[in-house]
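Here's the structure, in C-alpha coordinates; my notes come after.
The values are calculated or read from the model by the stated rules, or taken from the named source; none is laboratory data. Computed from a prediction, not measured in an experiment: that's the story for all the values here. Reconstructed Cβ throughout: ideal geometry from the backbone, glycine too, with neighbour counts over all protein chains shown. For the accessible areas, the whole protein counts, side chains as well, though only heavy atoms, and no ligand, DNA or RNA atoms are used. Shrake-Rupley method; radii C 1.70, N 1.55, O 1.52, S 1.80 Å.
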Amino acid sequence: IVPHNYKVRIQFNSSDNVDLMVYEKLNDSSKLELLFRKWDLDLSDYVEVPQTEYESKYHGKTNSLDLVKKKLNWTDQTFIEIREKLSNADCIGIVSGNPTAIDYGFKGMGKFGYLIFDEQLDNEQQEKYSDDCMLLFYKDNVVLKYGSGATGSLCTPEFARTK
(Lines give C-alpha, C1' and ligand atoms only; values in the text may rest on other atoms or scores of the structure.)
Protein backbone atom coordinates (compact mmCIF):
# COMPACT_ATOMS: atom_id res chain seq x y z
CA ILE A 1 0.00 0.00 0.00
CA VAL A 2 3.07 2.26 0.04
CA PRO A 3 3.65 3.95 -3.33
CA HIS A 4 6.93 3.14 -5.07
CA ASN A 5 8.59 6.50 -4.37
CA TYR A 6 7.97 6.40 -0.61
CA LYS A 7 9.15 4.57 2.47
CA VAL A 8 7.00 4.47 5.59
CA ARG A 9 7.84 3.53 9.17
CA ILE A 10 4.90 3.27 11.54
CA GLN A 11 4.76 2.03 15.10
CA PHE A 12 1.51 1.88 17.03
CA ASN A 13 1.78 2.94 20.67
CA SER A 14 -1.99 2.54 21.03
CA SER A 15 -4.95 2.32 18.64
CA ASP A 16 -4.78 6.01 17.70
CA ASN A 17 -1.27 7.01 18.79
CA VAL A 18 1.63 6.30 16.43
CA ASP A 19 5.21 7.14 15.64
CA LEU A 20 5.19 7.93 11.93
CA MET A 21 8.04 8.63 9.54
CA VAL A 22 7.56 9.05 5.81
CA TYR A 23 10.41 9.37 3.33
CA GLU A 24 10.11 10.47 -0.28
CA LYS A 25 12.51 9.65 -3.11
CA LEU A 26 14.42 12.61 -4.50
CA ASN A 27 13.74 13.04 -8.20
CA ASP A 28 14.68 9.81 -10.01
CA SER A 29 17.44 8.84 -7.59
CA SER A 30 17.45 6.16 -4.93
CA LYS A 31 18.08 8.77 -2.22
CA LEU A 32 15.32 9.44 0.28
CA GLU A 33 14.35 12.73 1.90
CA LEU A 34 12.41 12.95 5.14
CA LEU A 35 8.93 14.20 4.34
CA PHE A 36 7.22 13.82 7.73
CA ARG A 37 8.20 12.65 11.21
CA LYS A 38 6.08 12.75 14.33
CA TRP A 39 6.41 10.83 17.59
CA ASP A 40 3.29 10.13 19.66
CA LEU A 41 1.07 11.35 16.84
CA ASP A 42 -2.59 11.31 17.84
CA LEU A 43 -4.33 10.19 14.65
CA SER A 44 -7.80 11.07 15.93
CA ASP A 45 -6.90 14.57 17.09
CA TYR A 46 -3.92 15.82 15.07
CA VAL A 47 -3.68 19.58 14.73
CA GLU A 48 -1.18 20.88 12.23
CA VAL A 49 0.94 23.73 13.53
CA PRO A 50 3.23 25.98 11.48
CA GLN A 51 6.64 24.42 11.00
CA THR A 52 9.76 26.12 12.30
CA GLU A 53 12.97 26.25 10.30
CA TYR A 54 14.50 23.73 12.71
CA GLU A 55 11.57 21.33 12.25
CA SER A 56 11.72 21.54 8.47
CA LYS A 57 15.43 20.71 8.63
CA TYR A 58 15.20 17.82 11.11
CA HIS A 59 11.58 16.63 11.21
CA GLY A 60 10.64 16.60 7.55
CA LYS A 61 9.49 18.93 4.83
CA THR A 62 5.94 19.19 6.17
CA ASN A 63 3.84 19.08 9.32
CA SER A 64 0.73 18.29 7.28
CA LEU A 65 -0.67 14.83 7.94
CA ASP A 66 -3.30 15.54 5.29
CA LEU A 67 -0.59 16.15 2.67
CA VAL A 68 1.18 12.95 3.69
CA LYS A 69 -2.05 10.94 3.44
CA LYS A 70 -2.73 12.47 0.03
CA LYS A 71 0.76 11.63 -1.27
CA LEU A 72 0.47 8.04 0.03
CA ASN A 73 -3.15 7.75 -1.13
CA TRP A 74 -4.09 6.76 2.43
CA THR A 75 -7.16 7.55 4.49
CA ASP A 76 -7.96 7.28 8.20
CA GLN A 77 -9.24 3.80 7.37
CA THR A 78 -5.78 2.82 6.07
CA PHE A 79 -4.30 3.41 9.51
CA ILE A 80 -7.09 1.37 11.11
CA GLU A 81 -6.46 -1.53 8.71
CA ILE A 82 -2.69 -1.46 9.29
CA ARG A 83 -3.26 -1.43 13.04
CA GLU A 84 -5.68 -4.38 12.80
CA LYS A 85 -3.29 -6.45 10.68
CA LEU A 86 -0.35 -5.77 12.98
CA SER A 87 -2.47 -6.49 16.04
CA ASN A 88 -3.70 -9.79 14.55
CA ALA A 89 -0.04 -10.77 14.06
CA ASP A 90 0.80 -9.62 17.61
CA CYS A 91 3.11 -6.94 16.17
CA ILE A 92 3.49 -3.23 16.83
CA GLY A 93 5.14 -1.68 13.78
CA ILE A 94 6.26 -2.01 10.19
CA VAL A 95 8.78 -0.39 7.84
CA SER A 96 8.10 -0.70 4.12
CA GLY A 97 10.73 -1.78 1.62
CA ASN A 98 12.86 -4.78 0.79
CA PRO A 99 13.39 -6.11 3.29
CA THR A 100 10.17 -5.21 5.06
CA ALA A 101 10.81 -4.83 8.78
CA ILE A 102 8.09 -5.93 11.20
CA ASP A 103 8.52 -5.07 14.89
CA TYR A 104 6.90 -7.27 17.50
CA GLY A 105 8.14 -6.33 20.94
CA PHE A 106 10.60 -4.83 23.37
CA LYS A 107 13.21 -6.28 25.69
CA GLY A 108 14.44 -3.48 27.89
CA MET A 109 15.49 -0.69 25.54
CA GLY A 110 15.83 -3.08 22.60
CA LYS A 111 13.24 -4.10 20.05
CA PHE A 112 12.72 -7.47 18.39
CA GLY A 113 11.40 -7.87 14.88
CA TYR A 114 11.55 -9.67 11.57
CA LEU A 115 13.12 -8.75 8.25
CA ILE A 116 11.07 -10.19 5.40
CA PHE A 117 12.89 -10.27 2.04
CA ASP A 118 11.22 -10.50 -1.37
CA GLU A 119 13.41 -13.50 -2.28
CA GLN A 120 14.76 -16.49 -0.42
CA LEU A 121 18.24 -15.88 0.95
CA ASP A 122 21.14 -17.87 -0.48
CA ASN A 123 23.86 -19.38 1.73
CA GLU A 124 26.04 -16.27 1.59
CA GLN A 125 23.14 -14.02 2.54
CA GLN A 126 22.10 -16.42 5.31
CA GLU A 127 25.57 -16.10 6.81
CA LYS A 128 25.54 -12.32 6.38
CA TYR A 129 22.23 -12.11 8.28
CA SER A 130 23.43 -14.30 11.17
CA ASP A 131 25.90 -12.21 13.13
CA ASP A 132 25.44 -13.82 16.59
CA CYS A 133 24.44 -10.38 17.84
CA MET A 134 21.58 -8.46 16.24
CA LEU A 135 20.60 -10.68 13.30
CA LEU A 136 19.67 -14.34 13.04
CA PHE A 137 18.65 -16.07 9.81
CA TYR A 138 15.45 -17.96 10.56
CA LYS A 139 14.29 -19.59 7.32
CA ASP A 140 13.72 -18.96 3.62
CA ASN A 141 13.36 -15.17 3.41
CA VAL A 142 12.96 -14.38 7.12
CA VAL A 143 15.61 -12.95 9.47
CA LEU A 144 15.05 -12.20 13.15
CA LYS A 145 16.44 -8.83 14.24
CA TYR A 146 17.19 -7.04 17.47
CA GLY A 147 18.17 -3.43 17.81
CA SER A 148 18.22 -0.50 20.14
CA GLY A 149 18.12 3.03 18.84
CA ALA A 150 18.18 4.54 22.30
CA THR A 151 21.37 2.95 23.57
CA GLY A 152 23.16 2.01 20.38
CA SER A 153 23.70 -1.44 19.01
CA LEU A 154 23.65 -4.06 21.71
CA CYS A 155 23.80 -7.81 21.17
CA THR A 156 21.15 -10.14 22.47
CA PRO A 157 22.28 -13.52 23.82
CA GLU A 158 19.27 -15.17 22.17
CA PHE A 159 20.97 -14.78 18.79
CA ALA A 160 24.29 -16.39 19.74
CA ARG A 161 24.72 -19.66 17.84
CA THR A 162 26.23 -22.64 19.57
CA LYS A 163 29.39 -23.75 17.85
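Tabulated results
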item	result
Filtered residue count, the stretch 1-16, keeping only those that are part of a strand (DSSP E or B) and modelled with pLDDT under 90	0
Conditions (1) acidic (Asp, Glu); (2) loosely packed, with under 13 Cβ neighbours inside 10 Å; (3) at pLDDT 90 or above; number of the one not met by Glu48	(3)
Extreme residue, farthest from Tyr23 (Cα to Cα), among residues of the stretch 72-96 that are touching a residue at least 12 places away in the same chain (Cβ under 8 Å) and open to solvent by 70 Å² or more (accessible area, probe 1.4 Å)	Asp90
Qualifying positions in the stretch 69-113 - touching a helix residue (DSSP H, G or I) at 6+ places or on another chain (Cβ under 7 Å) and farther than 26 Å from Gln126 by Cα	Thr75
Test set (1) open to solvent by less than 80 Å² (accessible area, probe 1.4 Å); (2) touching a Leu at 6+ places or on another chain (Cβ under 8 Å); (3) of a type outside the set (A, V, I, L, M, F, W, C); (4) within 17 Å of Lys7 (Cβ to Cβ) - Lys61 fails condition number	(1)
Lys57 vs. criteria of a type in the set (Lys, Arg), at pLDDT below 90 and out of contact with any strand residue (DSSP E or B) (no Cβ under 8 Å at 6 or more places or on another chain)	yes
Counted residues, the stretch 103-121 - those being open to solvent by 40 Å² or more (accessible area, probe 1.4 Å) and either of a type in the set (Phe, Trp, Tyr) or at negative phi (or both)	9
Condition check for Glu33: over 25 Å from Gly105 (Cβ atoms), among the acidic types (Asp, Glu), surrounded by 17 or more Cβ atoms within 10 Å (Cβ to Cβ) and in contact (Cβ under 8 Å) with a residue 24 or more places away in the chain	no
Residue check, Asp40 surrounded by fewer than 12 Cβ atoms within 10 Å (Cβ to Cβ) and not in a strand (DSSP E or B)	no
Any hit, the stretch 149-160, residues being assigned to a loop (DSSP other than H, G, I, E, B), open to solvent by 20 Å² or more (accessible area, probe 1.4 Å) and polar (S, T, N, Q)	yes
